[in-house]
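Colleague: First, the structure itself, so that you have it in front of you.
The values are calculated or read from the model by the stated rules, or taken from the named source; none is laboratory data. None of these values were measured; they are calculated from a predicted model. As a convention, Cβ positions derive from the backbone with ideal geometry for all residues, glycine included, and neighbour counts pool all protein chains shown. Surface areas here come from the heavy atoms of the whole protein model, side chains and all, with no ligands, DNA or RNA. Shrake-Rupley method; radii C 1.70, N 1.55, O 1.52, S 1.80 Å.
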Amino acid sequence: MYQFSGKLKTLSIILTVVGLIGIGYSFYSAPSSIEDAKEILAHQSSHGDDHGSNHGSNHGDSHENTSHETSSHDDAHHESSTEHHEAPANHHGSAYDSLDDGTKDSHESLESHESLESHDSHLEHAFHQLQNKPWSALYVALFFFLGISLLVLAFYAGQRVAQSGWSIVLFRVMEAITANLVPTSIIMVLVVLAASVLHVNHMFPWMAEGVFDPSSPNYDAIVDGKSWWMNVPGWTIRSIVYLAIWNAYRWFIRKNSIAEDTANDNQKTYKKNYNVSVIFLFLFMITESMMSWDWIMGLDPHWFSTLFGWYVLASLLVSALTVIAFVTIYLRSKNAIPGINDSHIHDLAKFMFGFSVFWTYLWFAQFMLIWYADIPEETTYFVARFNEYKLPFLAMVVMNFVFPVLLLLNSDYKSIPWFVVLGGIVILGGHYIDIFVMIMPATVGPFWSFGIAEISALFFFLGIFIYTVFSAFAKANPIPKGNPFLEESEHFHYYNIEHRGEGSGDHH
């Protein structure tokens with residue numbers, strides 16, 4: 001039996017505590033009033049701290065949910081507002097010149113009032129975006145770790161349904177990783193869902209007051225047209241149902257997987273686990289797509305993509321496979337899993353390579369079709385990300401496709417643990433950035449950064465991950481002895497890997 005070492009446990013606690021302190025600081029330093037937001041904007045403007053000088057005019061026209069509130073944008077908006085009101089005057093010059101002074105003053109007063117209202121509206125939106133920064137940083141890390149745990153569970157269920165032989169010795173590793181689904185689900189409900197519904201944060205713009213009220217100045221006809229799906233009760237209930245289904249299967253399969261070890265019931269327990277896994281995979285494919293719409297696409301309520309559920313699935317699945325490889329390699333180095341060999345690592349790396357290509361295919365298919373069609377309500381999503389998030393947007397593509405392909409294309413490299421770890425670090429970094437780019441443009445607009453809030457959130461959830469995963473692994477036999485395919489898994493190997501460096505003449 002594996003023993004959860006004191007050093008690793010201490011590390012997990014330190015990461016969690018340091019992360020929690022950093023998260024607390026990021027919330028404390030967020031602006032608490034519009035006056036605070038003005039000071040931050042003035043400071044950014046004076047130090048040239050905006051992400052791209054062109055974000056105001058370009059993105060303001062195309063992205064419905066994210067206005068730009070820097071001082072340069074306010075000036076540009078004021079000028080365009082003035083031009084808008086001056087145009088009729090130039091067209092009807094003689095008529096306007098004949099107006100008496102009182103009428104002119106009234107017209108100028110109206111212009112000034114409208115410009116002031118627009119300025120105040122932009123400033124309030126900037127205030128909400130700045131307030132969203134710590135929430136968004138927490139949400140990105142939470143979704144990343146929750147999604148990884150969920151996709152490990154789905155991959156595990158898929159291995160059971162496929163009755164794969166090679167992966168049986170990895171079952172306890174995958175079960176241990178899925179233990180992280182429990183704390184991340186609790187945080188999702190108590191922090192993100194509750195805070196959003198109670199309007200503590202402003203991450204989901206369709207939850208704002210008056211969006212569904214035609215008599216309100218905040219009324220949004222497009223969102224109102226989706227009110228059959230986008231409504232607080234439905235969103236909340238669906239979210240809880242997703243988490244309940246995933247955690248129920250995780251609890252059931254873990255309990256019965258351990259029961260398999262000692263069950264002498266003519267494989268009835270094994271067959272029950274198989275049947276439940278089939279049901280779970282069916283429910284998973286439905287709930288994962290709906291979750292992607294509710295939790296990520298709902299941040300950009302005007303935008304939509306029928307491919308988005310698959311895209312999120314691919315990103316999280318590559319990350320999940322990488323984490324399985326990392327935990328397996330670590331436990332193997334501690335001699336905690338008998339039966340693991342280089343061929344098992346090789347197969348995990350093949351999945352990492354294959355689904356990196358799959359992710360790229362989905363990314364390109366979504367991006368290319370939207371770019372080529374050039375429909376404004378679709379292109380707004382990528383315009384926002386390319387204009388203001390160009391560095392992470394382009395880096396993500398390189399890290400998630402170019403690097404894994406070049407590193408893992410060679411079959412020999414897939415079975416070298418340190419090579420797999422090197423590629424995996426880049427893959428995880430790239431897909432964290434992928435989630436970052438999905439969430440941040442809609443919630444914080446141009447005010448993104450990677451600092452204390454983001455690093456602290458990663459530390460916090462990494463600490464929780466390490467503690468829950470290795471605690472869970474230590475509580476069960478590392479080998480699922482009751483599985484009928486165990487012997488096949490223990491003897492699984494590729495000849496060229498297990499006899500690496502030997503010539504063909506050495507074996508007859």
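Colleague: Do you know which residues across the stretch 14-36 are part of a helix (DSSP H, G or I) and either free of Cβ contacts under 8 Å to residues at least 24 places away in the same chain or over 27 Å from the mean Cα position of the chain (by Cα) (or both)? Outline the logic, then answer.
Modeller: So in the stretch 14-36, the residues part of a helix (DSSP H, G or I) come out as 14-28, 34-36.
Residues satisfying the conditions are GLY24, TYR28, ILE34, GLU35, ASP36.
Colleague: In contact (Cβ under 8 Å) with a residue 24 or more places away in the chain, more than 18 Å from the chain's Cα centre (by Cα) and assigned to a helix (DSSP H, G or I): is that true of THR380 in this structure?
Modeller: In short, yes.
Yes or no, residue by residue, for (1) touching a residue at least 60 places away in the same chain (Cβ under 8 Å); (2) more than 17 Å from TYR270 (Cα to Cα):
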residue: PHE155; (1), (2): yes, yes
residue: GLY158; (1), (2): yes, no
residue: ALA162; (1), (2): no, no
residue: SER167; (1), (2): yes, no
residue: PHE171; (1), (2): yes, no
residue: GLU175; (1), (2): yes, no
residue: ALA179; (1), (2): yes, yes
residue: MET188; (1), (2): no, yes
residue: LEU193; (1), (2): no, yes
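Colleague: I'd like the full set of residues that are open to solvent by 10 Å² or more (accessible area, probe 1.4 Å), out of contact with any Phe, Trp or Tyr (no Cβ under 7 Å at 6 or more places or on another chain) and not hydrophobic (A, V, I, L, M, F, W, C), limited to the stretch 422-439.
Modeller: GLY429
Colleague: Is it the case that HIS202 is surrounded by fewer than 21 Cβ atoms within 10 Å (Cβ to Cβ) and more than 18 Å from the chain's Cα centre (by Cα)?
Modeller: Values: surrounded by fewer than 21 Cβ atoms within 10 Å (Cβ to Cβ): yes; more than 18 Å from the chain's Cα centre (by Cα): no.
Criteria not met by HIS202.
Rundown of residues vs (1) at pLDDT below 85; (2) under 30 Å from HIS493 (Cβ atoms); (3) surrounded by 22 or more Cβ atoms within 10 Å (Cβ to Cβ), yes/no style:
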site: HIS113; (1), (2), (3): yes, no, no
site: HIS119; (1), (2), (3): yes, no, no
site: SER136; (1), (2), (3): no, no, yes
site: TYR139; (1), (2), (3): no, no, yes
site: PHE144; (1), (2), (3): no, no, yes
site: LEU151; (1), (2), (3): no, yes, yes
site: VAL169; (1), (2), (3): no, yes, yes
site: VAL173; (1), (2), (3): no, yes, yes
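Colleague: Moving to a separate point now. Filter the stretch 315-340 down to the residues that are closer than 25 Å to MET230 by Cα and out of contact with any Asp or Glu (no Cβ under 6 Å at 6 or more places or on another chain) and list them by number.
Modeller: Correct list: LEU316 only.
Colleague: Something else now. LEU281: in contact (Cβ under 8 Å) with a residue 60 or more places away in the chain and closer than 30 Å to PRO478 by Cα, yes or no? Show your work before the answer.
Modeller: Numbers: in contact (Cβ under 8 Å) with a residue 60 or more places away in the chain: yes; closer than 30 Å to PRO478 by Cα: yes.
When the stated conditions are applied, LEU281 passes them.
Colleague: Looking at TYR311, TYR270, TYR249 in this structure, which one is assigned to a helix (DSSP H, G or I), open to solvent by less than 40 Å² (accessible area, probe 1.4 Å) and closer than 30 Å to GLN129 by Cβ? Walk me through how you get there before you give the answer.
Modeller: Details: TYR270 fails: closer than 30 Å to GLN129 by Cβ; TYR249 fails: closer than 30 Å to GLN129 by Cβ.
TYR311 is the lone residue from the list that is assigned to a helix (DSSP H, G or I), open to solvent by less than 40 Å² (accessible area, probe 1.4 Å) and closer than 30 Å to GLN129 by Cβ.
Colleague: Now for a separate question. Please list, ordered by first then second residue, the pairs with beta carbon atoms under 9 Å, 6 or more apart or interchain, first in the stretch 216-230 and part of a helix (DSSP H, G or I), second among the charged types (D, E, K, R).
Modeller: Pairs found: ILE222/GLU64; ILE222/GLU377; ASP224/ASP213.
Colleague: Would you call ALA263 among the small types (Gly, Ala, Ser), at pLDDT 90 or above and either more than 23 Å from MET285 (Cα to Cα) or within 22 Å of the chain's Cα centre (by Cα) (or both)? Steps first, please.
Modeller: Numbers: among the small types (Gly, Ala, Ser): yes; at pLDDT 90 or above: no; either more than 23 Å from MET285 (Cα to Cα) or within 22 Å of the chain's Cα centre (by Cα) (or both): yes.
Criteria not met by ALA263.
Colleague: Right, something else. Among the residues of the stretch 360-395, how many are open to solvent by less than 20 Å² (accessible area, probe 1.4 Å), over 17 Å from PHE304 (Cα atoms) and touching a His at 6+ places or on another chain (Cβ under 8 Å)?
Modeller: 2
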